[in-house]
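Inspection log for the structure reproduced underneath, given as structure tokens.
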There are 2 protein chains.
Amino acid sequence: MNDQHLDKLEIAIVLYDGFTALDAIGPYEVLSRMPGAHVTFIAATPGPLRTDNGMLELVAERSLEQLEQPDIILVPGGPGDVVARAGEPVLEWLRQADRTSTWTTSVCTGSLILAAAGLLDGRRATSHWLAMSELRQLGAEPVSERVVFDGKLVTAAGVSAGIDMALTFVARLAGDTLAQAIQLGIEYDPQPPFDAGSPHKAPAQVVELVRAASPRVQEEVAR
Amino acid sequence: MNDQHLDKLEIAIVLYDGFTALDAIGPYEVLSRMPGAHVTFIAATPGPLRTDNGMLELVAERSLEQLEQPDIILVPGGPGDVVARAGEPVLEWLRQADRTSTWTTSVCTGSLILAAAGLLDGRRATSHWLAMSELRQLGAEPVSERVVFDGKLVTAAGVSAGIDMALTFVARLAGDTLAQAIQLGIEYDPQPPFDAGSPHKAPAQVVELVRAASPRVQEEVAR
């Protein structure tokens, strides 16, 4: 994609009941700040969709059919039965829309949905660290990196990784200066009070705590 | 607040038309994962509220009056006329709710709303880096730090800083282990492609670009 496309860049974020809000909102906050970009939230049935914990609804303004050829497709993740929740209409739409997209992307376990649609067969991809074995079972080659590009298929690690992925997109589409301007605009100068954001940095007891509380398959990909 | 309160911790996030989505969703994603915590999105008029760029609606499930004594109050920011958009009913509710809250907090220019309500008079507080002079005009003492505690008034810097603030709250309320577990759960191991998230790190031309594009008062607080 060249700069010309920036006159109008259609970004579709696919919602479904049980999605994780930050998976969607992190990239939205970055991508929506690109001049010429428009983010549309879509769903099999437009209207309010409830997040994973039941505490919030976001509104999908359009149906899948109403946005057939977005430039960027983004699928957020969600807990547990993420693929089943997304539903077959979403999988079918993804297969069609991927034919014309510039990038087909996911955050967190959104990659399980892309994989279930057959879009990650044999491709390098990532997901939430607890979902790597599921990702493999669905045909992808799991990679423990924060953002993984395999051609036009781009996947980000758990929840917050979508912010980093989106900044990478801006840099590639519109250059480093705009990406840095957007980073400065959202004051993304992360200062987490702990260095515990990956299973390789968090204390072992914390990793076990999170693993034990997860409904996911209890196997992490070797690195 | 001691551990006892974690049996039920009411967190109110105040929405209004023109708010910035990540300001609200960053802290929501962290705080909602605390066992016993419940996040409620409230607004002067419940229902869908549109974000700053017009591309998304989040649903406020309850009115201000329906949640009178939350333990934590969080006010997101928004562009430009943020205080006017929030409206007097929000300011009045904040004055009342602050009397019984454990923490009254903001992200980004949400601190201008707290200040307009009179809650930051003479207090150390922060905001988006472009809003520091406005914050001073509204009676606060601006501080260029990512998260600023002044008694029960807690303010975070621009947009993404709410994630760091929320992790700090979890650590104080429920201990470092849970905060680390939540950080690991959202895989918050930030790897931005640039180091441009503060005006002191971004290239000068990027700072000027963002400053020139901002509707805000063009004066940054001295550090």
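The values are calculated or read from the model by the stated rules, or taken from the named source; none is laboratory data. Predicted, not measured: the structure shown is a model, and the values here were computed from it. Methodologically, a virtual Cβ is constructed for each residue, glycine included, from the backbone with ideal geometry; neighbour enumeration extends over all protein chains shown. In case anyone asks, the SASA skips ligands and DNA or RNA and just uses the protein heavy atoms, side chains included. Shrake-Rupley method; radii C 1.70, N 1.55, O 1.52, S 1.80 Å.
Listed by chain and number, the aspartates and glutamates whose alpha-carbon sits under 18 Å from that of residue B:201, ignoring those within fewer than 8 places in the same chain, are A:164, A:176, A:187, A:189, B:145, B:219, B:220. Show me you know the interface measure: the accessible area buried between B and A, both chains summed, probe 1.4 Å, in Å² to the nearest 100. So the total buried area for this chain pair works out to about 5700 Å². What number comes out for the charge environment of residue B:55, summing +1 per Lys or Arg and -1 per Asp or Glu over other residues with Cβ under 12 Å away? It works out to a net charge of -2.
Computed from backbone phi with θ = phi - 60° and the Karplus coefficients 6.51, -1.76 and 1.60, the 3J(HN,Hα) list for region B:139-155 is x, 8, 9, x, 10, 8, 10, 6, 9, 10, 9, 9, x, 8, 8, 10, 10 Hz; x is used for glycine and proline.
Here the accessible area is traced with a 1.4 Å probe on the protein chains. For the protein assembly as shown, carbon and sulfur cover 47 percent of it.
3J(HN,Hα) couplings calculated from phi for region B:83-94 with the Karplus curve 6.51 cos²θ - 1.76 cosθ + 1.60 (θ = phi - 60°) are, in sequence order, 5, 4, 5, 5, x, 4, x, 5, 4, 5, 4, 4 Hz; Gly and Pro show x. The HN-Hα couplings worked out from phi for region A:61-68 by the Karplus form 6.51 cos²θ - 1.76 cosθ + 1.60 (θ = phi - 60°) are 7, 10, 7, 4, 5, 6, 9, 8 Hz, whole numbers, x standing for Gly and Pro.
Under the simplified labelling scheme, the residue B:141-residue B:172 pair shows an inter-label distance of 1.7 nm, with each label point 7 Å from Cα along Cα→Cβ. Panel note: the C-alpha atoms of chain B, placed on their principal axes, show extents of 49, 38, 36 Å (largest first).
Annotation: lysines with alpha-carbon distance below 22 angstrom to residue B:152 (same-chain offsets under eight excluded): B:8.
Between region A:101-125 and region B:53-114, the alpha-carbon centres lie 37 Å apart.
Calculated mean residue ellipticity, 222 nm, chain B: -9500 deg cm²/dmol, from DSSP H runs (n ≥ 4) at -39500 (n - 2.57) each, averaged per residue and rounded to 500. A point 7 Å from Cα along Cα→Cβ stands in for residue A:212, and the other copies hold the same point at 5.7 nm, listed in rising order.
Placing one equal scatterer on every Cα of region A:146-222 and applying the Debye formula, the log10 ratio I(q)/I(0) at q = 0.16 Å⁻¹ is -0.78. Beta bridges from DSSP with both residues in the protein assembly as shown: antiparallel share about 30 percent, rounded to the nearest 5. Hydrodynamic radius of region A:89-193 by the Kirkwood approach over all distinct alpha-carbon pairs: 14.2 Å. Each of residue B:65 and residue B:45 was given a label point 7 Å from its Cα along the Cα-to-Cβ line. The distance between the two points is 1.5 nm. The eigenvalues of the Cα gyration tensor, multiplied by 5 and square-rooted, give the protein assembly as shown an equivalent ellipsoid with semi-axes of 33, 24, 21 Å from largest to smallest. With protein chains left intact and a 1.4 Å probe, residues in chain A average 35 Å² of accessible area per residue.
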